[in-house]
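Peer 1: A single structure is presented below for examination.
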Amino acid sequence: MTRIVFWQLVATVFLMFVSCSTETAKDGMELPGAVEKVNVVNVFLGTSGDHGQMSPSASYPFSMLSIGPVTTPHIHTGYEYYAKKYNGFVHTHLEGVGCTGSGGNILIKPILNGNIQTELIKQSQQGRPGYYEVSFKNGIKSEMTVAHNFGLHKYHFPQNKNELFIDLSYALSGRFVNEEHTLSDNSISGWIDTKTTCSRGIYRIYYCLEVPGCQSITEVGEHKLLIEGNKTADLQVYIGFSSVNTDYAKERVKKNSFQQVRSSAETQWNKLLNQIQVTGEDDRVNLFYSLLYRGLQAPYLISEEDGTYTAIDGSVQHSSDAIYNGWAIWDNYREQLPMLSLFYPDQYGDIAKSIANLYPYGKDNWATKHEPSPTVRTEHAMVVLLDAWEKGYDIPLDEIKVFLLDEAEHLDYGAPDKALESSYDCWALSRILKITGDDDLSEKYRQKAMEYKTYWLKDFADLTKNDIDRMQARGLYQGTIWQYRWFVPFDVAGLKQLAGGEDAFIQQLDRFFDENNYNHANQPDLQVPGLYNATNEPWKSQKLFRELLLDTVVQCYFNNNSKGIDPYVGRIYKNQPRAYLRTMDDDAGTMSSWFVLRSLGLSAVNVGEPVYYLTAPIFQSVKLDWGNGKIFDIKVKNYNKDNFYIKSVKLNGETLTRNWLTHQEIINGGELVIETSEVPNKSWGVE
């Protein structure tokens, strides 16, 4: 009898454990599990106010179709975490971009009694990668899940009269342009044209939307339809996307069960998230995977399985490589694309080739009038292509050389920041031309790149002027003279000389940070905390990175305000809806990827060169597993969560005195042992 009672008790405890481990937290993410990385991703991170501009939408890696809510009020992605009123659900979200956002196509709203004005007031919600659910006070429950360019809605109504209102003209910020559609017994298919980010171009999406068993689909206004359901309490909607035509969109629609699609999405998310395995404090691990998830939303895989795709001039093309679109290169060439190049080579090879493939079809710095998906901008594509080539990716440089030369001849030097950025592009082009064997042209553009020194001496040398900490002074874009003066990643040695030598350079860096001139709310000076790595005081970067990743900092700049207006004191990265600094957009994974790379102790020395600086990880161990038999292990000796100085490093058992690794050294696999300390080792990493 005692033995029976004992095993009943064990069984009860086990069932309680299983119940707790699968319980979903109301208005938040599911509670952490032991293995599945999707269990620790918080899809609500950065979804409130101007603190990331992210969406909790059901999404799939690198898919332009994601399904998520539109609320009143809302942020750039159409959603606000603390909002109660819902307008419905849409199918495109360009995460974390400016100009009041982009996307928000095809609004679907569940309604009661034929009333298009049915109020949807949130009662509870939950979400995880590939899935979103919300219940409303009127008894309607909405769920959505996705596969690649395919999505599935599931609605439960409080009575056996289910109806949906469809607005084909809905788009964020009123960017709708035009649409055409065709109705059949239970489906709607057609295309929609929408202005993309900042209204600088137009993208077209082909779609097929099916509602099995529905009674009727009727027009109730221009671009607006009413779907009468199937006389039951439940209703499902299937939707497929294509950049090519409606036939391909119809092929995307699969009649798999809701649970099958959801499970498949979670499997794919787990596969990608598991390629980087970290161990350490739970709060750091959860934040890491939540931010890594954000770095895997875009660009979008737009080519069909047979290789057909629509190019940016609107023509239909065919490729043996997978074709991607949906660019924010001015933002994410600094962080997200380098992260993808290291962690996800299977995808990145095609991503880089897709950037090269923009040139023959009329690449524009922003967007064309015939984009196949929502997109933003493509400046510094030359830098990305050089970086990919140097990391071993096969890029058709010879084939696009003439387009690169033409682009170089139209670079803008009209403002101080533009002069430095254009010089960077010329440096990259010089390297590309060296690769293609055009030595004379290579030298021409090298000299052109080095002309940055003239611009630098004119606008950035004098730190006594009263406008150096003023946002957008002298025609700058999203930055100050202080912040842009460091933007010469391709020639730090030359920058040091201009600044007055090593000691003067360090003193100016010290002043920059001591006076809180650094701005993490935007991209122009993201590389500056790592510049100490290029001096004889690299321990200062080790300290700065830890503070910016996890500790309290002072930030004085937000969007276009100058210094002195309501500074912020606190952490930058937080695992909550108001996650980032105010006005700090994630910009298509840029800011999340900054955290991801540096949390592992890696940061790009100069995009265009296959080298990473080394600092201390915030984790006890890191494993990069590419699934090809090669694994790179990073282990922290003398680990303490508060230690951030490096005492010593060994690579594959050999003492390493330099503070950098090559891309090849990492992807070859092996073991990196970093010994940390409470105090800096001022003799390490100063080679």
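The values are calculated or read from the model by the stated rules, or taken from the named source; none is laboratory data. Quick caveat, the model's predicted, so the values are computed rather than measured. All Cβ positions, even for glycine, are placed from backbone atoms using ideal geometry, and neighbour counts span all protein chains on display. Accessible surface areas use protein heavy atoms only, side chains included; no ligands, DNA or RNA. Shrake-Rupley method; radii C 1.70, N 1.55, O 1.52, S 1.80 Å.
Peer 1: Report, by residue number, each residue of segment 127-146 that is within 21 Å of G229 (Cα to Cα) and either without any contact (Cβ under 8 Å) to a residue 12 or more places away in the chain or not polar (S, T, N, Q) (or both).
Peer 2: Selection gives E133, V134, F136, K137, G139, I140, K141, E143, M144.
Peer 1: Take segment 611-635 and flag every residue that is outside any strand (DSSP E or B) and of a type in the set (A, V, I, L, M, F, W, C).
Peer 2: Within segment 611-635, A616, I618, F619, W626 meet the criteria.
Peer 1: From (1) over 29 Å from Q268 (Cα atoms); (2) buried (at least 21 other Cβ atoms within 10 Å of the Cβ); (3) in contact with a Cys (Cβ under 9 Å, 6 or more places away or on another chain); (4) in contact (Cβ under 8 Å) with a residue 60 or more places away in the chain, pick out the condition that doesn't hold for W366.
Peer 2: (2)
Peer 1: Pull up segment 147-181, narrow it to residues that are free of Cβ contacts under 8 Å to residues at least 60 places away in the same chain and surrounded by fewer than 17 Cβ atoms within 10 Å (Cβ to Cβ), then point me to the one that is nearest to the chain's Cα centre (by Cα).
Peer 2: If we take residues in segment 147-181 being free of Cβ contacts under 8 Å to residues at least 60 places away in the same chain and surrounded by fewer than 17 Cβ atoms within 10 Å (Cβ to Cβ), then G174 is nearest to the chain's Cα centre (by Cα).
Peer 1: Looking at segment 333-348, can you tell me whether even one residue there is among the acidic types (D, E), buried (at least 18 other Cβ atoms within 10 Å of the Cβ) and out of contact with any Gly (no Cβ under 9 Å at 6 or more places or on another chain)?
Peer 2: No.
Peer 1: Can you tell me which residue among S216, S124, S187 is crowded, with 18+ Cβ neighbours inside 10 Å, among the hydroxyl-bearing types (S, T, Y) and modelled with pLDDT of 95 or more?
Peer 2: Of S216, S124, S187, the one residue that is crowded, with 18+ Cβ neighbours inside 10 Å, among the hydroxyl-bearing types (S, T, Y) and modelled with pLDDT of 95 or more is S187.
Peer 1: Only one of (1) part of a strand (DSSP E or B); (2) open to solvent by less than 30 Å² (accessible area, probe 1.4 Å); (3) touching a residue at least 24 places away in the same chain (Cβ under 8 Å) is not met by N87, so which one is it?
Peer 2: Every listed condition holds for N87 apart from (2).
Peer 1: Return yes or no: is A461 buried (at least 16 other Cβ atoms within 10 Å of the Cβ) and either modelled with pLDDT of 95 or more or over 28 Å from the mean Cα position of the chain (by Cα) (or both)?
Peer 2: So A461 fails the test.
Peer 1: Something else about it: Which members of segment 220-250 meet the condition of being without any contact (Cβ under 8 Å) to a residue 12 or more places away in the chain and among the acidic types (D, E)?
Peer 2: If the condition is that a residue be without any contact (Cβ under 8 Å) to a residue 12 or more places away in the chain and among the acidic types (D, E), then D247 is the only one that fits.
To keep it simple, each residue is scored yes or no on (1) over 16 Å from V90 (Cα atoms); (2) in contact with a Gly (Cβ under 9 Å, 6 or more places away or on another chain).
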residue: G103; (1), (2): no, yes
residue: I121; (1), (2): yes, no
residue: Y131; (1), (2): no, no
residue: A147; (1), (2): no, yes
residue: E163; (1), (2): yes, yes
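Peer 1: Taking segment 390-403 as the search range and keeping residues that are under 24 Å from the mean Cα position of the chain (by Cα) and farther than 11 Å from K353 by Cβ, which one is least open to solvent (accessible area, probe 1.4 Å)?
Peer 2: K391
Peer 1: Could you list, ordered by first residue, the pairs with Cβ atoms under 6 Å in which the first is in segment 573-589 and β-branched (V, I, T) and the second is open to solvent by 20 Å² or more (accessible area, probe 1.4 Å), at least 6 apart or interchain?
Peer 2: Qualifying pairs under 6 Å: T583/D50; T583/N559.
Peer 1: Of all residues being charged (D, E, K, R) and not in a strand (DSSP E or B) in segment 111-162, which is nearest to M64 (Cα to Cα)? Just the residue, please.
Peer 2: That would be E119.
Peer 1: Right, another one. Within segment 273-305, track down each residue that is open to solvent by less than 20 Å² (accessible area, probe 1.4 Å) and either assigned to a strand (DSSP E or B) or in contact with a Pro (Cβ under 7 Å, 6 or more places away or on another chain) (or both).
Peer 2: Across segment 273-305, the qualifying residues are I276, V278, Y293, L296, Y300, I302.
Peer 1: Can you report the number of residues in segment 567-608 which are more than 15 Å from the chain's Cα centre (by Cα), of a type in the set (D, E, K, R) and either crowded, with 19+ Cβ neighbours inside 10 Å or at positive phi (or both)?
Peer 2: Residues in segment 567-608 being more than 15 Å from the chain's Cα centre (by Cα), of a type in the set (D, E, K, R) and either crowded, with 19+ Cβ neighbours inside 10 Å or at positive phi (or both): 1 in total.
Peer 1: Tell me which of these S430 doesn't satisfy, since it passes every other one: (1) in a helix (DSSP H, G or I); (2) of a type in the set (G, A, S); (3) touching a residue at least 24 places away in the same chain (Cβ under 8 Å).
Peer 2: (3)
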